[in-house]
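Notes follow the structure.
The values are calculated or read from the model by the stated rules, or taken from the named source; none is laboratory data. Bear in mind that the values here come from a model prediction, so they are computed numbers and not experimental data. Methodologically, a virtual Cβ is constructed for each residue, glycine included, from the backbone with ideal geometry; neighbour enumeration extends over all protein chains shown.
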Protein chains: 2
Amino acid sequence: MDNRCVGVFDSGLGGLTCVKEIMKLLPYESIVYFGDTGRVPYGTRSAETIIKYTESDIRFLKQFDPKLIIIACGTASSTALEYVKDRFDVNIMGVVAPSAAAASSLTENGKIGVIGTNGSINSGKYEQYLKSLNKDLQVYSKACPMFVPLVENGYLDSKVTYMIAQEYLAPLMDAGVDTIILGCTHYPLIKKVISDIVGQHVALIDPGKETALYARSTIDAHEVDPAGKEPEYKFYISDFVDNFSHTASMFLQKEISGNIEKINIENYMV
Amino acid sequence: MDNRCVGVFDSGLGGLTCVKEIMKLLPYESIVYFGDTGRVPYGTRSAETIIKYTESDIRFLKQFDPKLIIIACGTASSTALEYVKDRFDVNIMGVVAPSAAAASSLTENGKIGVIGTNGSINSGKYEQYLKSLNKDLQVYSKACPMFVPLVENGYLDSKVTYMIAQEYLAPLMDAGVDTIILGCTHYPLIKKVISDIVGQHVALIDPGKETALYARSTIDAHEVDPAGKEPEYKFYISDFVDNFSHTASMFLQKEISGNIEKINIENYMV
């Protein structure tokens, strides 16, 4: 038995979509979340900067002696995980491998679409993982940089979101994909728009859910905290953004409660 | 005569719209520009964080011993200028005062609209400046958070931009403003969309242009570098973002040339 917490971080508050799934699947695990709201977004930045920011996020979470650190951010997972995983003596996982595994086992025609930020798509990491699982898979990637601002500004079900999604998804539809990885924490919030456009026969992979499932199987059976123990949830952010509670509860799908504290993430840079 | 440079900074590359005007109006001045591309955007962050970032930007530029530092960012000008201007022994100006002065002298019906980021609008600084110039002015402010991502993703003249602009500008039109301050560096790039919606009888104030005019009048006549001297332009950024040259030249309206260097802005925090 290991009472230590699970650490989760994201470039902002979107990673709470993953926390929501962990709370559901591992209801007795204590969670420490860090949202880098003072430096969000990561998806538009260079690989070098994404790695630098990811390192400081891990350094911050390491203080809590977590049994596992989950990079809930599609951009940081695809761009920085490989670099950081051997540089810290803590178990670190990202959202790419679980999502790729799910897509690879779900697809019937072998054609998989991947959508994400510029950073995620430029890294080519989803495609690389998918091909390592099955070299015959055909992968079609498309950066969708407008989706994050649309979600963050509440355009979840509006005509402009449909118009922009139509434009982004057209090449994936033309290619005939039967499975799409929603490679960014924000995208599950416009899952209905995406599904309306691509049709219900196309499976949409939610990385938060797949990552929580993967985390449950990763944490050794003996390490799962025993049923009955009250889990502790701690939330840290690097900036108190406008509308914090509203945005957080949009991703968490319930009111955020517990300890919420602002920290200086610059103190964790070397 | 003062051969020292003019320092200009912005949260990202949008401030180059102001640099463009300075190059035009003060063609013999050397310019050092810093674009905080590693922490962009400022407009969604808290006042505390905007001030912290602005202080480090000024600390970086101060090294070049500038005769004047121009905050070309609407958010930093409205949120941080008042706080920082007496804390550094260098002449610092922002975009709010020049834009407000221009609007106040242009309006005929005394009704002025202000559009900007959430940070700028929440600060209330434009309204405060306008009222200090003429307490009878009626000011209508509206945050337009989708405009920056639309511009940065090239939706300069597209239907979605018209739809979102229509939504944002409706309350200003209903109020009957005859003058609108484009309170963010990015907005002049969609001036045509805005003008098509509000009509040509509404004057649109470009802060970059007004600020350059103001800078020319601020720099003492003796301090203007003599015609004939070749100006030096230096550009610094905190991250090499994708499409850097393309985005920079979109704002500068010409190819960016000269020294472009990436720096660690974290080294300038205290």
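Worth a mention:
- Only a single item in (1) surrounded by 18 or more Cβ atoms within 10 Å (Cβ to Cβ); (2) modelled with pLDDT of 95 or more is not met by A:ARG87, and it is number (1).
- Set B:PHE240, B:PHE235: member being surrounded by 13 or more Cβ atoms within 10 Å (Cβ to Cβ) and under 18 Å from the mean Cα position of the chain (by Cα): B:PHE235
- Number of residues in the stretch B:168-196 that are over 19 Å from B:LEU106 (Cβ atoms) and more than 14 Å from the chain's Cα centre (by Cα): the value is 8.
- Residues in the stretch B:170-214 that are crowded, with 23+ Cβ neighbours inside 10 Å and over 24 Å from B:ASN118 (Cβ atoms): 1 in all.
- Whenever a residue of the stretch B:54-72 is closer than 20 Å to B:LYS262 by Cβ, its partners that are of a type in the set (D, E, K, R) and surrounded by 24 or more Cβ atoms within 10 Å (Cβ to Cβ), lying with C-beta atoms within less than 8 angstrom and at least six residues away or across chains, give the pairs B:ASP57/B:ASP36; B:ALA72/B:ASP10.
- The single condition from (1) acidic (Asp, Glu); (2) at pLDDT 95 or above; (3) surrounded by 20 or more Cβ atoms within 10 Å (Cβ to Cβ) that B:ASP225 fails is (2).
- Scanning the stretch B:29-43 for residues that are in contact with a Gly (Cβ under 7 Å, 6 or more places away or on another chain) and surrounded by fewer than 24 Cβ atoms within 10 Å (Cβ to Cβ) gives a single hit, B:VAL32.
- When residues in the stretch B:125-160 are screened for being over 21 Å from the mean Cα position of the chain (by Cα), within 11 Å of another protein chain (Cβ to nearest Cβ) and not aliphatic (A, V, I, L, M), 2 of them pass.
- Those residues of the stretch A:40-84 which are in contact with a strand residue (DSSP E or B) (Cβ under 6 Å, 6 or more places away or on another chain), assigned to a loop (DSSP other than H, G, I, E, B) and more than 21 Å from A:ASP239 (Cα to Cα), in sequence order: A:PRO66
- Candidates in the stretch A:90-122 are the residues that are small (Gly, Ala, Ser) and crowded, with 24+ Cβ neighbours inside 10 Å; of these, the one that is modelled with the lowest pLDDT is A:GLY119.
- Of all residues in the stretch A:18-53 being β-branched (Val, Ile, Thr) and within 14 Å of chain B (Cβ to nearest Cβ), the one that is nearest to B:THR49 (Cα to Cα): A:THR37
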